[in-house]
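Report on the structure given below.
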Amino acid sequence: MTRLGLKEAALALLIAVLAYQVIVPFAMIIWTSLKLARPGEPDFLSLSFTFANYLRAYGGEAFWRISLNTLSFAFAATLIAFVIGAFMAWVIERTHTPLAGLIGVLLIGRIAIPGILIAISWILVASPNIGLINQMALRLAGLRNPINIYSFSGMVFVQALELVPLTYLLLGAAFKAMDPRLEEASAMTGAGHWHTLRRISLPLALPAVAAALLLLFLTTIEAFEVPLLMGTRAGMRVYTTEIFYDTSRTPVDWGLSSTYAVALLAVAIVLLFAYFRLVGHGERYQTITGKDFRPRRIDLGPWRYATCVLALALVFLITGVPFLMMLYASLLPFYQVPSTAAFASMSLDNYWTLFQNSKTVTPMINSSILGPAVATAVVLVVALISYFVQKTRLPGRRLLDFLGFAPVAIPSVVLGATFFWFYLIVPLPLIGTLTIIGLAYLTKYMPVALRFVSASMMQVHAELDEAAQVAGGSWARNFLKIMLPLLKPGLLAAWLWVMVHAYRELTIALMLARSQNRTASVVIFDLWEEGSFLRLGALAVLMFGLLSVLCALARVISARFGVEEQVA
Amino acid sequence: MARLLTASVVAATAALSAHALAQPAPLSAPEKIYAALAALPKAERSARIEQGARAEGKLVLVHTLRGALGAGHVELFHKRYPFLALDVAGEIGSQDAAERLLAEETAGRHLTDAIVTAVMDLDELIRRNQVARYPTPAVDAILPRYRAFIDPQNRWIPWFWSEHGISYNTSLVPPSQTPRQWSDLCNPFFRGAVSFDPAENRFLSGLNAMLGEAATVRLLECIGKNDPIVQRGHTQRMELMLAGDHMVQGDNYLYQGVAMQRKNSATPFAIVYSAPILATNDVAAINRNAPNPYAAALFADWTLSAESQAYLAKQLRGPVGLPHPYLPDNVTLIDNIDPPKETMDRLLAAWFRHVEKPR
């Protein structure tokens, strides 16, 4: 095969993967939304269509109220998460703030805690009557329930904290790959840190900023645990809870659920076009060129202690509070508010019970296979997408980006159902295997990973690829030996994100689970359904420890083989 | 314990049967096997089933008793019949189990042998004639008070029942305010302190069976005026209530509170025995196209065995072959059968209008 042929083969393979993994599920969702028959019924495959589901879904006042709830929730959570995440990324990656490395590890370690436990932890901290904060307010100041987590602001607060690690990972990768000479040039003209940050650093990170805003917004629209556990009690219904309730009845109204998913898709398309317009001139953001550079940290002087204290306080809120709540609960025989009696009753029983259950071993092995395998596959696919979109002049290349990103609009429950239905209808023997879950995860996690890698790819100057070609390197060699190493911050962030999320993902795993392909998250769900919050807390503490070690190792590897070494 | 409302069960069975009776479908291969088995003497029948199951060597089951509870039950079955390879999905709920079988069969894939589900969730499967008729003498083990759960057309095998009722936190509710009846959920003393799950057909159908439609709507209206808590998750609501979050469970499983109290006698939990308790008939149903019909039959029969029933009682669930492990005999039970669809639609509308008011 010629050099050009290999590149074309990679492109053809990529198109095939995207068609199979993205177009098929979308076609299925849109098709189902236009049908009253269920998948599998004779009329389902006929060419007669109806807009009845759209009239039912969008025709009532309820839909517009739910839309308003969803969009205002997403907007508020995005804004707060972005501000906090950007601050954390800057402090950790670009300043000499003490303990920055530790703060980064603790922040990323947060993603190891399943979302459902985060929501429960905050309920125990800030719910009326039993929440720790309200208890303290009553005891110390005689105030009755000054805080109510079951409210719009409570939902926004918890969701925003949930999103900060994602913001940090996205912006941190971009900050790390920033050429400091541009900032030095700014400083030499007399601009201060703040001016340089505002006029140089942030504009250079625009692709990552736009990607972060886009992803945060869409991730919040797709968020489920917080709206379910807090929003239901607050009377705030959003798209995902509506879809959940639609699919919680027998027979499930797949037509209506798919119609809601189409609404999400419409929102995603609008935002994606806005994103493309915003980052339309990719060459403006290229900071990694053939010239040597080392990302430089900013010396804040005595202010570094202030940033340290603030960052520690934030990481305490984001990671510390839920972790400590789970640690506390995992040591109790039954949940009780902190008291002398509660501390006296503590033991390690919940941990022992966990280890004694042999049925947790296989699912843990399954997840340990799925997580890294899916993360690797996703990262390879999105690296190829990013490359073809940004470093070639292929006609229609933006379509690849769109296809890779579009699944962000599919709620997990609909995605899981689509894969289940598809492999029921298509006679491939994948039902009950890890492969079917892996394929669904490939689709689910492509969008986030794509934005991670895409933002990094935008910073790599095309001259590096061109120089390699002039030097006679094959396309495959250039891609593997030059492009991928240069993208390491983004690739590593994406890999970590996907690995941890694939490890702990629940909705899809549950829909596709059989006896042989149960994952760790299904065990978590079992414990949750059993009401074993305390044992669940023990499991989460262990998972947090394990995944924090993995994150720390990844950071060490990143520091050893990151941008610094590759370009120096 | 009061007998179930037999008349209402018969009415429900008739409603579920109407479609099938109007258009009798030809017997499927498993149903032919079951019809032939029914003609055999009991001992020979059992031997034939076991022999057939041995030859099949496998059972694909959706078991909706969750977590350790379901796993323990399956383990017991496997211990009894170790020659069967078990493919058990045990992490989904009753409605999801019915939906999964429905999806598979609609797509023409015959993957699952049997499911454990609440009888009301079988409605759509029965309407589509996807549940096998399985006459079995195993139902002889069912106590007289629960015999109303048996289907005259043999489409399900009742083997336990679930109780939903009112319970409260004894630390928060003084003896003078203890709720006695369902109407007490409207007591202004409990304003903002009574919790429910989001709309549940089984709860509404239970109220309807107990009170009739008009009175149910009136009850929902007055509950709604009392600013109820609507929060997803039976177990979590129970835990929150016992931790002091609110006073009363307007509707929830009762066994969880009993289990917590047995684990720790200081748990502030009490059941309102004076208010009727809503009972859900939980059954085993065999796929009309079960790939392993003998193994499915073996499991269905075993659910009513002494060891299976004793296991349920030990786990505080409601066996049908043994007295209830903690509910007193004089408690009133209401079978929460599904009313006609139009009635349920009106009840759901009333629920959303009064109780679960969206904002």
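The values are calculated or read from the model by the stated rules, or taken from the named source; none is laboratory data. Model, not experiment: these values are computed from the prediction. Ideal geometry is used to build each Cβ from the backbone, glycine not excepted, and the neighbour counts take in all protein chains shown.
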| request: Determine which member of the set A:Leu480, A:Leu506, A:Leu484 is within 26 Å of the chain's Cα centre (by Cα) and within 14 Å of chain B (Cβ to nearest Cβ). | output: A:Leu506
| task | Give region A:187-218 a look and list any residue that's touching a helix residue (DSSP H, G or I) at 6+ places or on another chain (Cβ under 6 Å) and in a loop (DSSP other than H, G, I, E, B), or say none. | result | A:Ala205
| query | Tally time: how many residues in region B:236-267 are in contact (Cβ under 8 Å) with a residue 60 or more places away in the chain, out of contact with any Gly (no Cβ under 9 Å at 6 or more places or on another chain) and away from every other protein chain (no Cβ under 11 Å)? | reply | 3
| said: B:Asp227 - would you say it is within 10 Å of chain A (Cβ to nearest Cβ) and either free of Cβ contacts under 8 Å to residues at least 12 places away in the same chain or not hydroxyl-bearing (Ser, Thr, Tyr) (or both)? | reply: no
| Of the criteria (1) over 21 Å from the mean Cα position of the chain (by Cα); (2) within 11 Å of chain A (Cβ to nearest Cβ), which one B:Leu220 fails | (2)
| note | For region A:219-245, the count of residues that are within 14 Å of chain B (Cβ to nearest Cβ) and assigned to a loop (DSSP other than H, G, I, E, B) equals 5
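Go through B:Thr332, B:Thr280 for me and flag whichever is surrounded by fewer than 22 Cβ atoms within 10 Å (Cβ to Cβ), out of contact with any Leu (no Cβ under 6 Å at 6 or more places or on another chain) and among the polar types (S, T, N, Q).
B:Thr332
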| Filter pass, B:Ala103 being within 14 Å of chain A (Cβ to nearest Cβ), of a type in the set (A, V, I, L, M, F, W, C), in contact (Cβ under 8 Å) with a residue 24 or more places away in the chain and within 23 Å of A:Phe44 (Cβ to Cβ) | no
| field | Residue ID - surrounded by the most Cβ atoms within 10 Å (Cβ to Cβ), chosen from residues in region B:94-116 that are farther than 15 Å from B:Ala290 by Cβ and out of contact with any Pro (no Cβ under 9 Å at 6 or more places or on another chain) | value | B:Ser94
| query | Is one or more of the residues making up region B:143-162 in contact with a helix residue (DSSP H, G or I) (Cβ under 7 Å, 6 or more places away or on another chain), within 10 Å of another protein chain (Cβ to nearest Cβ) and more than 21 Å from B:Asn292 (Cβ to Cβ)? | reply | no
| request: For B:Val230, work out the one condition from (1) of a type in the set (A, V, I, L, M); (2) modelled with pLDDT under 95; (3) over 27 Å from A:Val337 (Cβ atoms); (4) touching a Lys or Arg at 6+ places or on another chain (Cβ under 8 Å) it doesn't fulfil. | output: (3)
| Residues of region A:37-57 satisfying the condition of being farther than 18 Å from A:Val426 by Cα and more than 14 Å from every other protein chain (Cβ to nearest Cβ) | A:Leu47, A:Ser48, A:Phe49, A:Thr50, A:Phe51, A:Ala52, A:Asn53, A:Tyr54, A:Leu55, A:Ala57
| task | Identify, from the list A:Ile149, A:Ile243, the residue that is modelled with pLDDT under 85 and buried (at least 18 other Cβ atoms within 10 Å of the Cβ). | result | A:Ile243
| Matching residues in region A:104-144 - criterion: being β-branched (Val, Ile, Thr), in contact (Cβ under 8 Å) with a residue 40 or more places away in the chain and touching a helix residue (DSSP H, G or I) at 6+ places or on another chain (Cβ under 6 Å) | A:Val105, A:Ile108, A:Ile111, A:Ile113, A:Ile116, A:Ile118, A:Val125
| task | Kindly establish whether B:Leu172 is under 25 Å from the mean Cα position of the chain (by Cα) and either buried (at least 21 other Cβ atoms within 10 Å of the Cβ) or within 13 Å of chain A (Cβ to nearest Cβ) (or both). | result | no
| note | Among the residues of region B:70-91, the number that are at the interface with chain A (Cβ under 7 Å from one of its Cβ atoms) and more than 19 Å from B:Pro293 (Cα to Cα) is 2
| Of all the helices (runs of 4 or more DSSP H) wholly in region A:90-167, which have at least 2 residues that are within 14 Å of chain B (Cβ to nearest Cβ) and farther than 21 Å from A:Met499 by Cβ? | A:115-126, A:132-141
| task | Answer yes or no: is there a residue in region B:109-122 that is without any contact (Cβ under 8 Å) to a residue 24 or more places away in the chain and within 7 Å of another protein chain (Cβ to nearest Cβ). | result | yes
| said: Of everything in region B:29-53, what is closer than 11 Å to B:Thr136 by Cα and touching a Pro at 6+ places or on another chain (Cβ under 6 Å)? Give them in sequence order. | reply: B:Ala38, B:Lys42
| Looking at region B:288-359, what helices (runs of 4 or more DSSP H) fall wholly within it and have at least 3 residues that are farther than 30 Å from B:Ile33 by Cα, over 17 Å from the mean Cα position of the chain (by Cα) and more than 14 Å from chain A (Cβ to nearest Cβ)? | B:341-350
| said: Take the residues in region A:246-277 that are buried (at least 22 other Cβ atoms within 10 Å of the Cβ) and of a type in the set (S, T, N, Q); name whichever of them is farthest from the other protein chains (Cβ to nearest Cβ). | reply: A:Thr259
| said: Given the criterion surrounded by fewer than 23 Cβ atoms within 10 Å (Cβ to Cβ), more than 14 Å from every other protein chain (Cβ to nearest Cβ) and either over 20 Å from the mean Cα position of the chain (by Cα) or among the aliphatic types (A, V, I, L, M) (or both), identify the matching residue among B:Ala270, B:Ala199. | reply: B:Ala270
| Given the conditions (1) within 12 Å of chain B (Cβ to nearest Cβ); (2) exposed (fewer than 14 other Cβ atoms within 10 Å of the Cβ); (3) closer than 22 Å to B:Arg262 by Cβ, which single one is not true for A:Pro333? | (2)
| message | Return the residues of region B:234-275 that are acidic (Asp, Glu) and closer than 12 Å to B:Asn169 by Cβ; say none if nothing qualifies. | response | B:Glu239, B:Asp245
| request: Kindly indicate the residue of region A:430-480 that is among the basic types (Lys, Arg) and touching a residue at least 12 places away in the same chain (Cβ under 8 Å) and also surrounded by the most Cβ atoms within 10 Å (Cβ to Cβ) among those meeting that condition. | output: A:Arg451
| So A:Arg294, is it at pLDDT below 80 and within 30 Å of A:Tyr54 (Cβ to Cβ) | no
| remark: Going through region B:331-341 in order, the residues found to be modelled with pLDDT under 90 and not β-branched (Val, Ile, Thr) are B:Asp335, B:Asn336, B:Asp338, B:Pro339, B:Pro340, B:Lys341
| remark: Going through region B:277-317 in order, the residues found to be farther than 28 Å from B:Asn129 by Cα and touching an Asp or Glu at 6+ places or on another chain (Cβ under 6 Å) are B:Ile277
